[in-house]
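Novice: Structure in structure tokens, see below.
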Amino acid sequence: TADSLVSYLYDRRKKGIASKTLKADKSAIYLCLKLYCVTNPDLRPQFDLIRIATNEAIKLRVSTTRIRESDLVTIEEMKLILQLATDRAKTLSLFLWTTGIRPGEISKIKLRDCQSIDKDLIEIKINGKQERIRYILIPTYLYKDILSFYKGKTYLFESIDGYQLTVNAIEKMIYKIGKTILNRRVYPYLFRHTFATMQIKSGQDIGAVAEFMDNSADILARVYLHSRIKTESILNQYNLGL
């Protein structure tokens, strides 16, 4: 019931559990109830009422975390990956580096979603969050490498066995790169963070970058503008008030 779910979340909050974890707890419970409703469709209205009542009773706002610039994938690290990684891992890393795409979006790209717009660029239709459609561009030679190493028949990225490459497989491949080549933790979203930071620092319009990445401009500004107020500015502000 809504009351039992709210009570559970409140008890967890009292124990000092972080909002981010509580939000994940709530999402997991929602998913279980939603799956249960697949075979019990008559209970769907009850589930919707539970979800609405719970969302109104307990607000879980998770603040956007700024990404430390020191954690991003450097150009030197990228060159090292291109030297030492397997062809499939190298090509996947380069695709992440070039597009800033989410791993869940990679796994859904079909060959029919890729169209040549001239000899140098391939346009790819991306099915993003909440089924939002957007288009990204990659160099033609990167596209040809993906076709060569992944040999997809339906999807752009497929497993060696010819199945759709899963998010889990993508994460494992990138994690292995970090462990065996870079000697640090690396994950697919780190390439997304790196892409956003590099594009903004190069002078690209934040709105254009946000549209390309399927993100909001205000989130990009908060998370990826790695700027700091100069120390002397703080001291000057203080002195002006004396």
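The values are calculated or read from the model by the stated rules, or taken from the named source; none is laboratory data. Treat the numbers as computed from the prediction; the structure is a model and nothing was measured. Note: ideal-geometry Cβ built from the backbone for every residue, glycine included; neighbour counts use all protein chains shown. Heavy atoms of the whole protein, side chains included, go into the accessibility calculation; ligands, DNA and RNA do not. Shrake-Rupley method; radii C 1.70, N 1.55, O 1.52, S 1.80 Å.
Novice: Filter the range 86-127 down to residues that are touching a strand residue (DSSP E or B) at 6+ places or on another chain (Cβ under 8 Å) and either part of a helix (DSSP H, G or I) or in contact (Cβ under 8 Å) with a residue 60 or more places away in the chain (or both), then give me how many there are.
Specialist: Residues flagged as touching a strand residue (DSSP E or B) at 6+ places or on another chain (Cβ under 8 Å) and either part of a helix (DSSP H, G or I) or in contact (Cβ under 8 Å) with a residue 60 or more places away in the chain (or both) within the range 86-127 amount to 9.
Novice: Just to be sure I understand, how many residues within the range 141-168 are surrounded by 14 or more Cβ atoms within 10 Å (Cβ to Cβ) and in contact (Cβ under 8 Å) with a residue 24 or more places away in the chain?
Specialist: So the answer is 14.
Novice: Hey, which of the helices (runs of 4 or more DSSP H) in the range 157-242, taking only ones fully inside, have at least 2 residues that are modelled with pLDDT of 70 or more and out of contact with any strand residue (DSSP E or B) (no Cβ under 8 Å at 6 or more places or on another chain)?
Specialist: Where helices (runs of 4 or more DSSP H) fall fully within the range 157-242 and carry at least 2 residues being modelled with pLDDT of 70 or more and out of contact with any strand residue (DSSP E or B) (no Cβ under 8 Å at 6 or more places or on another chain), they are 167-177, 188-201, 206-213.
Novice: Take the residues of the range 181-211 that are under 21 Å from Leu84 (Cβ atoms) and under 14 Å from the mean Cα position of the chain (by Cα): which is most open to solvent (accessible area, probe 1.4 Å)?
Specialist: So, considering only residues that are under 21 Å from Leu84 (Cβ atoms) and under 14 Å from the mean Cα position of the chain (by Cα), the one most open to solvent (accessible area, probe 1.4 Å) is Tyr187.
Novice: In the range 143-156, what residues are charged (D, E, K, R) and outside any loop (DSSP other than H, G, I, E, B)?
Specialist: Answer for the range 143-156, where residues must be charged (D, E, K, R) and outside any loop (DSSP other than H, G, I, E, B): Lys144, Asp145.
Novice: While we're here: Among the residues in the range 122-134, are any over 17 Å from Gly100 (Cα atoms), open to solvent by 30 Å² or more (accessible area, probe 1.4 Å) and of a type in the set (Asp, Glu)?
Specialist: For the range 122-134, residues over 17 Å from Gly100 (Cα atoms), open to solvent by 30 Å² or more (accessible area, probe 1.4 Å) and of a type in the set (Asp, Glu): present.
Novice: Residues that are at pLDDT below 95, among the acidic types (Asp, Glu) and closer than 21 Å to Ala208 by Cα: does the range 105-115 have at least one?
Specialist: For the range 105-115, residues at pLDDT below 95, among the acidic types (Asp, Glu) and closer than 21 Å to Ala208 by Cα: present.
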